[in-house]
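These notes are about the structure you will find just below.
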Amino acid sequence: MTDTTFDVLIVGSGHAGGMAAKILTEKGMRCLMLNAGPVADVARDAQRKPAYDLPYRGFKPPGRLEHVFQANEFNANVWVDEEEVPYTFDPAAPYNWVRVRLFGGRSLFWSRQSFRLSDYEFKAKSHDGFGEDWPISLSDLAPYYSRVEEIFQVAGAQDGPPQMPNGNFVPVDDVWSESMQRFIKASQAYDMPVCKQRRAQGRDGLASSVNLLLPDAERTGKLTSIANAVVRQITVDPNTGQPNGCHFIDRLSRREMHVKARVVVLAAGTLESTRLLLNSNLGNSSGVMGHFLMDQIYGPGVTCSVPEARNGKATEQLMGGSAIVPRFRNITTKYDKFLRGYALNVTSRMGGVEPRNFAAYGAELQQKLHEYNGSGFYITVMGEVLGRYENHVRIDKEKVDAWGIPVLHIETRYTDNELNMAKDAVEVGCSIADAAGFEVLSKNVVPNPPGYSIHEVGTCRMGDDPKKSVLNKWCQSQDHKNLFVVDGASFVSAGWQNPTMTILALSMRASEYLAGEMSRGNV
């Protein structure tokens, strides 16, 4: 493509890649960013159509987005087409891999829940004996968390217990509604902390790489970005054995090109970064690359009704608001049913209650919907999935994507630890709802398939021992000093928390370290 050798090649433009670009360019590095999809242009690419004008009346096009629960015919072009970029798994153990290849990636669509990991996650093995500790602690990452929270304008209250560290928040001072107060009072029997939600406000309605990170990088004049660049392989200098760039394919023309760089930073998302490394045969002297795939269990929960809010009696004083109940199992005492723990998302809402909560149809269902409107109270679960060696990804040598690149085979299952966690969470939720005087309308103890949370992490975990890890504590390859992986692949344990703030903080920390090493001539 060009004889130019960039200082840093960044693969991926989401939160991890955007942060790397911001930090490295501000430190004076010339960066090239490759993204596998186009720049989103809503004004150009979006149009309004009624469902009856669409071939599938607004439902998913068959076969193309089977594992993207958010998808429908109205937004199908947002998600990665599973026929174009497939992956494989055992039909008895499905995996939901949700991908976005627009510039900005999934940072355009995340839920914005913004939590720090605690030392119950960073030092989990020291706490309960399972798995491995991270090579860093909360104190190492806390300064970076604070800077990330400032950039993303995380709103929250300083009400967190040790398992949900406080941070640099935009203060919230809203009062609990009466239904939330009743939940809080009933939860005291379980010694559960009930805290205000923590959510990134961002700017101008968006909390994405494309509006909070990449503009800063572009202003330096040090960032070159290429859209529709599907990276096939990281290339290696035959003299040094170190990565020196990559081969990529133009998504539209199918032309293959090569770019050169002193350093390669992968930020394509946990599984895409790992897929690229496996296809490039790099960085796996430990043999653990692809292993220890984790996420969180989603799906179990309880739907309730607040009786006093029915029949049009809902008020803002009675209903409304949300809370986060951070993990409370296995904190000060050991719980005998499972390791680690789960969090509860609690929401009091004045809108309609979904028809699926009622065993009725026709006029009877309409009457129920009218009666229960405005009285919904919801308890949903985010549970930690343990990092197990057998939960892994590998290259499927018999299947390729639309550009001839071998795809991933994903093999992961939930165990009794996760299933018992889900059952316990629902039992606790029902018990608290009963004590609060709510009616339980429905409950579910069965988790959705792995990947459903869209919080996949692991597969290139960090560590101090090169025989047990892919990366060191700086997200730097144990095998190649000029190769970094700054997305969720580096995680050693998943925790119950949304991973976004940790990914951003790790990328910031790794990028500053890399800039320092480059300036000193060590990389």
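The values are calculated or read from the model by the stated rules, or taken from the named source; none is laboratory data. Keep in mind that what you see is a predicted model, and the values were worked out from it rather than measured. Neighbour counts run over all protein chains shown; Cβ positions are idealised from the backbone, glycine included. Only protein heavy atoms, including side chains, enter the accessible area calculation; ligands, DNA and RNA are left aside. Shrake-Rupley method; radii C 1.70, N 1.55, O 1.52, S 1.80 Å.
Miscellaneous remarks
- Qualifying positions in segment 468-523 - in a loop (DSSP other than H, G, I, E, B) and without any contact (Cβ under 8 Å) to a residue 60 or more places away in the chain: Trp474, Cys475, Pro499, Arg520, Gly521, Asn522
- If you go through segment 169-184 and keep only what is open to solvent by 30 Å² or more (accessible area, probe 1.4 Å), more than 26 Å from Ser431 (Cβ to Cβ) and part of a loop (DSSP other than H, G, I, E, B), you end up with Val172, Asp173, Asp174.
- In the set Asn239, Asn284, Asn279, only one residue is within 30 Å of Thr415 (Cβ to Cβ) and surrounded by fewer than 18 Cβ atoms within 10 Å (Cβ to Cβ); that residue is Asn279.
- Close pairs from segment 248-266: first on the phi > 0 side of the Ramachandran plot, partner of a type in the set (Val, Ile, Thr) and surrounded by 14 or more Cβ atoms within 10 Å (Cβ to Cβ), Cβ under 6 Å, at least 6 apart: none
- Scanning segment 279-318 for residues that are in contact with an Asp or Glu (Cβ under 9 Å, 6 or more places away or on another chain), more than 30 Å from Glu132 (Cα to Cα) and among the β-branched types (Val, Ile, Thr) gives Thr303, Val306, Thr315.
- Remark: pairs (first residue in segment 441-463, under 25 Å from Val426 (Cβ atoms) and among the aromatic types (Phe, Trp, Tyr); second residue open to solvent by less than 20 Å² (accessible area, probe 1.4 Å) and assigned to a loop (DSSP other than H, G, I, E, B); Cβ separation under 6 Å; 6+ apart in sequence or on different chains) = Tyr452/Asn96.
- Selection from segment 370-386 of residues that are of a type in the set (Val, Ile, Thr), open to solvent by less than 10 Å² (accessible area, probe 1.4 Å) and in contact with a Gly (Cβ under 6 Å, 6 or more places away or on another chain): Ile379, Val381
- Cβ-Cβ under 7 Å pairs, at least 6 apart or on other chains, segment 340-353 side more than 20 Å from Asp295 (Cα to Cα), far side in a strand (DSSP E or B) and open to solvent by less than 10 Å² (accessible area, probe 1.4 Å): Val346/Ala323; Val346/Val325; Val346/Ile379; Ser348/Phe377; Arg349/Gly376; Gly351/Gly376; Val353/Ser305; Val353/Gly376
- Single match in Ala157, Ala189, Ala142 (criterion: surrounded by fewer than 17 Cβ atoms within 10 Å (Cβ to Cβ), small (Gly, Ala, Ser) and in contact with a Cys (Cβ under 8 Å, 6 or more places away or on another chain)): Ala157
Residue by residue, here is whether (1) open to solvent by 70 Å² or more (accessible area, probe 1.4 Å); (2) of a type in the set (S, T, N, Q); (3) touching a strand residue (DSSP E or B) at 6+ places or on another chain (Cβ under 8 Å); (4) part of a strand (DSSP E or B) holds:
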{"position": "Gly18", "(1), (2), (3), (4)": "no, no, no, no"}
{"position": "Ile23", "(1), (2), (3), (4)": "no, no, no, no"}
{"position": "Met33", "(1), (2), (3), (4)": "no, no, yes, yes"}
{"position": "Pro38", "(1), (2), (3), (4)": "no, no, no, no"}
{"position": "Ala43", "(1), (2), (3), (4)": "yes, no, no, no"}
{"position": "Tyr52", "(1), (2), (3), (4)": "yes, no, no, no"}
{"position": "Arg57", "(1), (2), (3), (4)": "yes, no, no, no"}
{"position": "Pro61", "(1), (2), (3), (4)": "no, no, no, no"}
{"position": "Val68", "(1), (2), (3), (4)": "no, no, no, no"}
